[in-house]
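Encoded as structure tokens, the structure appears first; notes follow it.
The values are calculated or read from the model by the stated rules, or taken from the named source; none is laboratory data. What you see is a predicted model; the values in this text were computed from it and never measured. Please note: Cβ atoms are built from the backbone with ideal geometry, for glycine as well, and neighbour counts cover all protein chains shown. Just the protein is used for accessible areas: all its heavy atoms, side chains included, with ligands, DNA and RNA removed. Shrake-Rupley method; radii C 1.70, N 1.55, O 1.52, S 1.80 Å.
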Amino acid sequence: MSARLILAKGREKSLLRRHPWIFSGAVVRLEGKAQSGETIDVCDSQGKWLARAAWSPQSQIRARVWSWNQDEAIDIAFFVRRLQSAQHLRDWLAERDNLDSYRLIAGESDGLPGITIDRFGNFLVLQLLSAGAEYQRAPLIAALTQCYPQCAIYDRSDVSVRKKEGLELTQGVVLGELPPEHLPITEHGMKLLVDIQTGHKTGYYLDQRDSRFATRRYAKDRRVLNCFSYTGGFAVSALIGGCTEVVSVDTSQAALDVARQNIELNGLDVNKATFLRDDVFKLLRTYRDSGEKFDLIVMDPPKFVENKNQLAGACRGYKDINMLAMQLLNPGGMLLTFSCSGLMATDLFQKIIADAALDAHRDVQFIEQFRQAADHPVIATYPEGMYLKGFACRVL
Ligand code: SAH
């Protein structure tokens, strides 16, 4: 019999609303024994069954819910059902948008907390982020093998959040062949190279797919600055859209080298592209001081906020780079600006852009709003799943 996690009186409320996390403060005791990651039953203060969850004794998120159904066992068949349900949405999306790569499992929002799986062609890339996810590694892989017999599986659980769960960082081939150094994928008709083994995250920022696509519509006859370019997805998109020139900036030379290759791979004019290995914060100031001007700026920084204590600092960072970007734009220029920090709410981000506009002494209109692509769904019971937002702004 599974161990039982008993909640404090009244602390079942969020579970009744089907939020999948149980914080340490809600827990009274664990009845019975459970190893880290093992499946337990969660009960209210009266002993009434609420959910089946994974036990994370070392984390502040003490348990994550696998199932709300008392009859459902957490086994290979459970993972097969979750994978099939998730695949259904992606099949529709892959056909609609001409994709061979997408996020197959977006953790909590696909009913598998702590599990990320990205599909790049016939490679499945896993990130197991919680004790429960790690504990279920074998059944999950068995389910993947059953559902995707044609796919190789590679582990990129080399992420520091695992330390909070008392887990080591892991990486390597799980099944099948080693991913090539540069795997070509297709996104809205573009070809892009993905480095599964050493690239950022699982190799590529799939979540920005729709914003990259949208960039085409803003690029015609414009001089573009692509800040935090990574492997140049926005640059390729801007060139397809007919920009006159695109400058891509990133601190990673490896990423910039792939950006150049991506432009060539799509048969675009590499003479219109420049690649600068530099700190965006510094470069924007240099450009401002030298009077450099652009007509379209993409601002897609990495996550600035890991916890609530960092939020105020992050707000200053976002305001700073967006103000500088506005100052570099010719009148009527466009700023496509993003925040992938989950703790930064959309309305707060909008206020920061408004503040940046005041400081830049420019009038700014919000033209369009962006979010993470649809293969990163947000389940209604877990609004935290909504982390990526952006705006297209016209800077007068
Ligand atoms: N726009 C990219 C994803 C950007 S991810 C895409 O569409 O794929 C954020 C990128 O910012 C990373 O490539 C990282 O190397 C880079 N980066 C982080 N800090 C930076 C800084 N201060 N200056 C320039 N680049 C930075």
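Cβ-Cβ distance below 7 Å, separation of 6 or more or different chains: which pairs start in segment 93-113 with a residue that is more than 16 Å from I185 (Cα to Cα) and end on one that is open to solvent by 20 Å² or more (accessible area, probe 1.4 Å) and among the aromatic types (F, W, Y)?
E108/Y382; S109/Y382
Residues that are in contact with a strand residue (DSSP E or B) (Cβ under 7 Å, 6 or more places away or on another chain) and not hydrophobic (A, V, I, L, M, F, W, C), at least 2 per element: which strands (runs of 3 or more DSSP E) completely within segment 1-50 meet that?
Here the list reads 27-31, 39-43.
Go through segment 123-178 and report how many residues are among the basic types (K, R), within 21 Å of the chain's Cα centre (by Cα) and crowded, with 17+ Cβ neighbours inside 10 Å.
Total satisfying the criteria: 2.
Looking at segment 234-244 only, could you name the residues that are crowded, with 23+ Cβ neighbours inside 10 Å and more than 7 Å from the ligand (Cβ to nearest atom)?
Here is the first cut: in segment 234-244, the ones crowded, with 23+ Cβ neighbours inside 10 Å are 234-239, 243.
Across segment 234-244, the qualifying residues are A235, V236, S237, A238, L239, C243.
Could you grab me the full set of residues in segment 263-283 that are within 27 Å of the chain's Cα centre (by Cα) and either among the acidic types (D, E) or farther than 12 Å from S248 by Cα (or both)? Break it down into steps so the answer makes sense when it comes.
Taking segment 263-283 first, the residues within 27 Å of the chain's Cα centre (by Cα) are 263-266, 273-283.
Hits for segment 263-283 are E264, L265, N266, D278, D279, F281, K282.
May I ask you to say which residue of N266, N309 is more than 9 Å from the ligand (Cβ to nearest atom), in the same structural domain as A345 (by the TED database) and in contact (Cβ under 8 Å) with a residue 40 or more places away in the chain?
N266
Would a scan of segment 323-331 turn up a residue that is away from the ligand (no atom under 16 Å from the Cβ) and at pLDDT below 95?
For segment 323-331, residues away from the ligand (no atom under 16 Å from the Cβ) and at pLDDT below 95: absent.
Restrict the check to segment 97-113 and report whether at least one residue is on the phi > 0 side of the Ramachandran plot, of a type outside the set (V, I, T) and open to solvent by less than 10 Å² (accessible area, probe 1.4 Å).
There is at least one residue in segment 97-113 that is on the phi > 0 side of the Ramachandran plot, of a type outside the set (V, I, T) and open to solvent by less than 10 Å² (accessible area, probe 1.4 Å).
Per-residue answers, yes or no, for (1) in contact with a strand residue (DSSP E or B) (Cβ under 6 Å, 6 or more places away or on another chain); (2) of a type in the set (V, I, T); (3) within 11 Å of the ligand (Cβ to nearest atom):
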| site | (1), (2), (3) |
| --- | --- |
| T202 | yes, yes, no |
| L206 | yes, no, yes |
| A214 | no, no, no |
| K220 | no, no, no |
| R223 | yes, no, no |
| G232 | yes, no, yes |
| V246 | yes, yes, no |
